[in-house]
Every structure is written in structure tokens, then in C-alpha cells.
Amino acid sequence: MLTNFAIKQYAKYRYNYLNKLKPQEAQEKELLKLIRKNENTKFGKEHSFSMINSIKDFQNNVPLRTYDDFWKEYFKDAFPYLNNITYKGLIPYYAVSSGTSTGTTKYIPLTKDMLKSNVKAGLDLLTYHFINNPNSKMLDGKSFVLGGSTDLVKEAPGIYSGDLSGITTMTIPWWIQGRYFPDKKTALLKNWEEKIDKLAKMALKEDIRMISGVPSWILIFMNKYKEIFTEKEISFKNIFPNLEMLVHGGVNFSPYYDTFKNLMVGSKVELREVYPASEGFIAMQDKAYGEGMKLMLDSNIFFEFVPVDELQSKNPTAHHVGNIEKDINYAVVMTTCAGLWRYIIGDTVRFVDTGNPRLLVTGRTSYYLSSFGEHIIMEEVEDAVLSASKEIGKQISEYSVGTLFPKNTEELGGHLYIVEFKGEIPTQSELDTFAEKIDKV
């Protein structure tokens, strides 16, 4: 069983190892390892893997692909029995994704090698926490993972599909099971209201040291305590006095930051942002909040980055960690230990550090406004809304933005913002100021 002492020793070793890694060398090693393992798969033979000995060879032999490309060319006819098609062996799991780029359901292959890669990412998460907090006793309690239903669909004998958090719950290593919350029976609940109600009451009986989940889900969970403790201030200190780490990811945290800071008052909670995807774990925060997330360099995944402006061109430039640049909006491309090769996942990022690759998520390739050639990405919209809300001293629950097309040639086009504010509705004067600030930003 993993102990605080054991993880501290591992953290020191792992941290020193990661600091000595040479990014390009480490990434090329991961790529060639994947190439050698899959030379005899259908995909490997069709793309002459036996002749590939460098990143350049790989980029010349293998074109960029989307999920639809993989589905039509390699997955559709054989699904769910993908055996030695794009990866060595039989694919045992599929992470079902909502398909935010296309709106269609995606079945993302998930191998045992990828499960190991995700466990490695989890250990790195602990590594950074214990390095930053040498007196931590986080493993004395339980880690609360607030995810979707763990109910899996049996696609065929030995082959299952479902939510990634569900697959993770059902396959967690034995040495962490005793510190994992909730139990599988509760995690299986599909009714969200029933699940939140039960989890809130059950969690009070546990020594919760870490909470992980999407920010909006965590807030829904914490709001449940307002019903339970009508006369008690709701904060992490009051509800979970031993809580050390709050792990969040999946969305831009900036709109939630102030709300969570209020919940954290008086506690020893540390924020830690992660960047997981159905296709594989990409990066995690290793320093202070806002300084970016460190790219996973040795997790059996090879990364490339294509400038968003070139994504629709016939021959887009694909960068790797050896030649990325700061402050350029890149589309993320992944080659994984689950049989995805030069796969465009639909996310966009920009690097704040290239020597020790550290990035910020800027949005989705499909989430940008360019009806009039303005090329506004999601990060820019979020920054504008956040700045405008601070200008009038209001907090935002949710918002949406779209295009206003001109009704005649004499009018100018624009953007329509639909905003849900917390608390009292802003006055007309405040709304005017809000709109003016967005236009300026």
C-alpha cells in the first residue's frame, strides 16, 4: 500500500528525473518506441513503420487525421474488435466522448498501455504536490473523484465502452483502491441529483484530503451542503478540514477562480490544474496557478502542434517540442499508446515556456468567431468576459456568445453575448459598462 513516506521518496526521484529530461530527445524516444511496437499492425504496414527512424520520417509517412478519418478508414468495419489494426493486440476499452468538435459520438480506443500512462500521470500529480508540500499527509485520507457514471456498456466479450472516469474507476490499481472515494456502487448511479445527494452525505463520514472534478460539478456538490448546513458557512475548511488539494480540469478555470478562492479561505487547499483528454493525459500544473501546465514528455505519447491558422491548409506545418514557439495558438496533435497516429484532438493551446514545455489551454478548434474575418478564439472571449465582469464587480455563472449578422448592407455585424450573472441583476448602466469593456478588450 502506498504511504506518505513511500510517495515522498518516489516524488524526489521522479522530480529529479523529470528535470533532467531533454524534451526533444525524450519525445523522439517515445515516438520510436511506439513505432517499433506497432510495425506489424495494419496501420504500421500501410505506413511503412519499419522504415521510420526519426520524427521527420514519421511526419513524411503518416498524414494528419481526424476522428472521422480513423473511424472510416480503420475503426468502422471492425468495431468493436480492433485487433492489431492501429495498435498491437485487442483494444479492451473505448472511452465514449461527446464529440464536441463534430457533435457525433466518438469511441476513443483505450489500451492497457494507456491505462498505465494515466496511472503514471496520477503519480506525477502526487509528485508535484509532495515536492511543493513536503509535510503533506494527503495519503492519510481519501481522494474524492467526482466523475460521471461508471456504468460500462459491454460491446462484446471482454470489450467495454463508457465514460473515461468510469473506466478509470473500474480499473484503478489495487494499491490505491482503499484511498479512493466513492465506492463503485455509488459511482454507478446515473441519476445526477440522487448521486450528488448521496455523495454529499457519505463524504462527511470520510477524511477527504483531495477532490478532483470539473469546476462546475464541484460547485454543485458544495452547494448541496447549503441544504444540509443551513446555519453554517460553506467552505472547504468547515466541510473538509484536512483537504489539501483541489484538482480541476476540462474547462477554463478563470471564470470560477474567485468563487473557489472564497471557498478556500482559511484552508490549506492547493489548486492544481490538469489537462486530461479521452485520448491521453497531456499536461499538468507543476508550479503556481496561472504559470501553465507542464507537458507530459515520457508517458508513451508523442505530441505535435499545428498553428491553427494553417490547420485547413493542404500542407500545414507540424511542430514538435524541439521547435515550438511561445504565444502561438496551436492545434494539438497526438500519437498515442492506444493506436491514434497524428490525431487532431480538437483542442488549442499556446506555450508560455518552450525550454521546459509548459502550456495553457486556449480552446477548441471549432470554438472561435470568424464570421467577418475577426478570428477570435475562445481564450480571447473568456478574457473579455472576465475583465468586463470585474469592471462592474459582478460574478458570472454562465455565458454564451454568437454572431449578429447585419440585416442590410448599411449595418455592421457584431457579437451577441447572453450572460447569466450571480446575485442581483446588473443595472442598465452596469450592462452598458460591461458591453463597452468587452468591445475594448
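The values are calculated or read from the model by the stated rules, or taken from the named source; none is laboratory data. Note that the coordinates shown come from a computational prediction; the quantities given were computed from them, not determined experimentally. Counting neighbours? That spans all protein chains shown, and the Cβs are built from the backbone with ideal geometry, glycine included. For the accessible areas, the whole protein counts, side chains as well, though only heavy atoms, and no ligand, DNA or RNA atoms are used. Shrake-Rupley method; radii C 1.70, N 1.55, O 1.52, S 1.80 Å.
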Response to the item:
Checked against (1) in contact (Cβ under 8 Å) with a residue 40 or more places away in the chain; (2) within 30 Å of residue 421 (Cβ to Cβ), residue 225 satisfies every condition except (1)
Worksheet item: Taking segment 174-196 as the region of interest, how many residues are exposed (fewer than 13 other Cβ atoms within 10 Å of the Cβ) and closer than 22 Å to residue 114 by Cα?
Response: 3
Discussion item. I'd like to check something: does segment 121-141 contain any residue that is among the basic types (Lys, Arg), at pLDDT 85 or above, farther than 25 Å from residue 269 by Cβ and open to solvent by 40 Å² or more (accessible area, probe 1.4 Å)?
Written reply: no
Discussion item. Quick check on my filter: what residues within segment 325-359 are at positive phi and surrounded by fewer than 24 Cβ atoms within 10 Å (Cβ to Cβ)?
Written reply: 327, 342, 346
Item to complete: Return a yes/no flag: does segment 267-286 have any residue that is modelled with pLDDT of 90 or more and surrounded by fewer than 17 Cβ atoms within 10 Å (Cβ to Cβ).
Response: yes
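This table checks each residue for (1) farther than 18 Å from residue 333 by Cβ; (2) more than 27 Å from the chain's Cα centre (by Cα); (3) open to solvent by less than 40 Å² (accessible area, probe 1.4 Å).
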position: 13; (1), (2), (3): yes, no, no
position: 48; (1), (2), (3): yes, yes, no
position: 56; (1), (2), (3): no, yes, no
position: 61; (1), (2), (3): no, yes, no
position: 80; (1), (2), (3): yes, no, yes
Worksheet item: Here are some residues: 260, 253. Which one is modelled with pLDDT of 85 or more and surrounded by 16 or more Cβ atoms within 10 Å (Cβ to Cβ)?
Response: 260
Discussion item. Which count do you get for residues in segment 161-183 that are of a type in the set (A, V, I, L, M), modelled with pLDDT under 80 and more than 20 Å from residue 141 (Cβ to Cβ)?
Written reply: 1
Practice prompt. Report whether or not residue 318 is modelled with pLDDT of 95 or more and in contact with a strand residue (DSSP E or B) (Cβ under 7 Å, 6 or more places away or on another chain).
Written response: yes
Worksheet item: So is residue 8 under 30 Å from residue 128 (Cβ atoms), more than 25 Å from the chain's Cα centre (by Cα) and either touching a residue at least 24 places away in the same chain (Cβ under 8 Å) or part of a strand (DSSP E or B) (or both) or not?
Response: yes
Discussion item. Based on this model, can you work out whether residue 295 counts as open to solvent by less than 10 Å² (accessible area, probe 1.4 Å), in contact with a strand residue (DSSP E or B) (Cβ under 7 Å, 6 or more places away or on another chain) and among the hydrophobic types (A, V, I, L, M, F, W, C)?
Written reply: yes
Worksheet item: Just one of the numbered conditions (1) of a type in the set (Val, Ile, Thr); (2) touching a Lys or Arg at 6+ places or on another chain (Cβ under 8 Å); (3) open to solvent by less than 10 Å² (accessible area, probe 1.4 Å) is not true of residue 85; which one?
Response: (3)
Worksheet item: Out of curiosity, is residue 283 of a type in the set (A, V, I, L, M, F, W, C), without any contact (Cβ under 8 Å) to a residue 40 or more places away in the chain and within 30 Å of residue 25 (Cα to Cα)?
Response: no
Worksheet item: So which residues in segment 195-218 are in a helix (DSSP H, G or I), out of contact with any Pro (no Cβ under 7 Å at 6 or more places or on another chain) and either among the polar types (S, T, N, Q) or more than 17 Å from residue 244 (Cα to Cα) (or both)?
Response: 195, 196, 197, 198, 200, 201, 216, 217
Worksheet item: Could you list, in sequence order, the residues of segment 29-42 that are part of a helix (DSSP H, G or I) and surrounded by 19 or more Cβ atoms within 10 Å (Cβ to Cβ)?
Response: 30, 31, 34, 35
Discussion item. I'm trying to understand the selection: among the residues of segment 197-238, which are β-branched (Val, Ile, Thr), surrounded by fewer than 18 Cβ atoms within 10 Å (Cβ to Cβ) and touching a helix residue (DSSP H, G or I) at 6+ places or on another chain (Cβ under 8 Å)?
Written reply: 220, 228, 234
